[in-house]
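Structure first, then comments.
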Amino acid sequence: MNVACLGMGWWSDVLADAIKRSGKLKIVACFSRSAEKRQTFASKYGCRAASSYEEILEDKKIEAVINTTPNSVHRETTVAAARAGKHTFLDKPIANTVDDARALTEACRKAKVVLALGYQRRRESHFRWIKERIGEFGKLVNAEANISRDRLGKIDLSSWRYTAQGMPGGVMLQIGIHYTDVLEYLIGPVKAVSGRFVRLVLPGDNPDVASLVLEHENGALSTLNASYASASEYYLMNIYGKEASAYYDMHQGLRFLKRGSTTANAVPCKKSDPIVEELEEFADAVRGDGEPEMDGERSTRSLAVLLAGIKSAKEGRRVEVTEVLA
């Protein structure tokens with residue numbers, strides 16, 4: 001499938017590298033408002049540097065757009081692609097507002113083009129292992145998660161990714177959303193959120209540390225901490241059930257414990273390639289074989305969970321997700 005990459009940043013290179021590892025997609029063109037960035041990308045990945053987005057949309061040989069533009073222009077760029085008959089793989093979050101998310105989702109539906117969102121963390125082999133065996137956990141009661149990175153001295157304050165306007169909620173919307181998604185994937189939908197956001201270490205106007213308490217529809221409670229101010233990168237996800245629990249962290253891997261046991265046994269998980277998997281799923285969906293795991297509707301609701309947390313932190317109260325979706 002011939003694709004064009006839109007928005008040249010570090011993440012576009014990550015996706016392009018994944019496309020090179022796959023045999024189902026081929027980058028044939030790219031566009032960025034920066035001539036230097038698009039020329040560099042074109043040279044690196046052997047594609048054509050388009051002079052405008054319109055040039056990509058008018059090219060009949062291009063079937064889909066890999067969109068890594070700023071959140072605030074997801075609606076504009078995706079609607080334009082849909083009207084041109086181009087399928088879109090869009091980096092998460094789907095948008096900064098529910099209105100934008102719904103509008104671009106509807107545009108894709110109306111044009112009958114595929115819309116897929118990049119939520120690769122749920123595809124990691126340890127989480128797939130837990131999901132396949134979630135019935136063994138009995139009643140799910142609780143979970144705790146942490147997703148942290150060290151960004152001290154590494155951020156560019158001119159980048160939209162690190163501004164309150166470009167990335168509302170800061171660290172929680174940028175990376176925390178991956179683990180709110182995993183928590184919903186494993187435990188079930190979230191109905192209400194309580195949040196706290198602070199800026200402790202990094203310069204700028206956006207939170208670098210954030211915490212959420214998530215109330216799931218099945219009654220379980222989960223907590224998520226996200227940070228850009230920690231000493232190192234770290235990922236943790238513990239899932240607690242009445243009959244069994246699973247413990248994952250990036251240093252020790254996955255462990256599993258059943259009721260009555262005093263030892264959590266290590267679970268060997270084969271290394272997967274989640275980004276290739278989601279891109280190939282997108283390519284298959286374009287060919288009419290299946291649907292994206294994270295489509296516009298699911299990703300809109302995922303965004304709403306984060307927006308509920310942001311609203312809660314600002315107003316100092318518990319916020320139901322339906323309030324954000326109203």
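A search for C-beta distances below 7 Å between a residue of the range 98-118 that is farther than 9 Å from Ala81 by Cβ and open to solvent by less than 10 Å² (accessible area, probe 1.4 Å) and any residue that is assigned to a strand (DSSP E or B) and among the acidic types (Asp, Glu), counting only pairs 6+ apart in sequence or on different chains, returns Gly118/Asp91.
Scan the range 75-94 for residues that are under 14 Å from the mean Cα position of the chain (by Cα) and surrounded by 24 or more Cβ atoms within 10 Å (Cβ to Cβ) and jot them down. Those that are under 14 Å from the mean Cα position of the chain (by Cα) and surrounded by 24 or more Cβ atoms within 10 Å (Cβ to Cβ): Phe89, Leu90, Pro93, Ile94.
Looking at Arg128, is it closer than 20 Å to Glu291 by Cα, under 24 Å from the mean Cα position of the chain (by Cα) and touching a residue at least 60 places away in the same chain (Cβ under 8 Å)? Spelling it out, Arg128 is indeed closer than 20 Å to Glu291 by Cα, under 24 Å from the mean Cα position of the chain (by Cα) and touching a residue at least 60 places away in the same chain (Cβ under 8 Å).
Restricted to the range 193-220, and to residues there that are within 23 Å of Val141 (Cβ to Cβ) and assigned to a loop (DSSP other than H, G, I, E, B), the residue that is least open to solvent (accessible area, probe 1.4 Å) is Ala220. Taken over the range 134-160, residues that are in contact (Cβ under 8 Å) with a residue 24 or more places away in the chain and either open to solvent by 30 Å² or more (accessible area, probe 1.4 Å) or in contact with a Pro (Cβ under 8 Å, 6 or more places away or on another chain) (or both) amount to 15.
Hand me the list of helices (runs of 4 or more DSSP H) wholly inside the range 1-119 holding 2 or more residues that are out of contact with any Leu (no Cβ under 9 Å at 6 or more places or on another chain) and aromatic (Phe, Trp, Tyr).
On the way: elements: 10-21, 35-45, 53-58, 74-83, 98-111.
Fully inside the range 1-119 and qualifying: 10-21, 35-45.
Of the numbered criteria (1) part of a loop (DSSP other than H, G, I, E, B); (2) open to solvent by less than 60 Å² (accessible area, probe 1.4 Å), the one Thr262 fails is (2).
When each of Arg287, Arg298 is tested for being open to solvent by 70 Å² or more (accessible area, probe 1.4 Å) and over 20 Å from Ala95 (Cβ atoms), the lone residue that passes is Arg287.
Restricting to the range 222-250, give me the number of residues that are surrounded by 24 or more Cβ atoms within 10 Å (Cβ to Cβ) and in a strand (DSSP E or B).
The first filter runs over the range 222-250 and keeps only residues surrounded by 24 or more Cβ atoms within 10 Å (Cβ to Cβ), leaving 222, 224, 226-228, 237, 239, 246.
Filter once more, so that each one left must be in a strand (DSSP E or B): 222, 224, 226-227, 237, 239, 246.
Residues meeting the conditions: 7.
Of all residues in the range 161-187 being of a type in the set (S, T, N, Q) and free of Cβ contacts under 8 Å to residues at least 60 places away in the same chain, which is least open to solvent (accessible area, probe 1.4 Å)?
Applying the first criterion (of a type in the set (S, T, N, Q)) to the range 161-187 yields 163, 165, 174, 180.
This time we only want the ones that are free of Cβ contacts under 8 Å to residues at least 60 places away in the same chain, so: 163, 174.
Working: Thr163: 35, Gln174: 12 Å².
Step by step, filter the range 161-187, then rank; the result is Gln174.
The values are calculated or read from the model by the stated rules, or taken from the named source; none is laboratory data. What you are looking at is a predicted structure, and each value in this text was computed from that prediction instead of being measured. Reconstructed Cβ throughout: ideal geometry from the backbone, glycine too, with neighbour counts over all protein chains shown. What goes into the accessible areas is simple: the full protein's heavy atoms, side chains included, and nothing from ligands, DNA or RNA. Shrake-Rupley method; radii C 1.70, N 1.55, O 1.52, S 1.80 Å.
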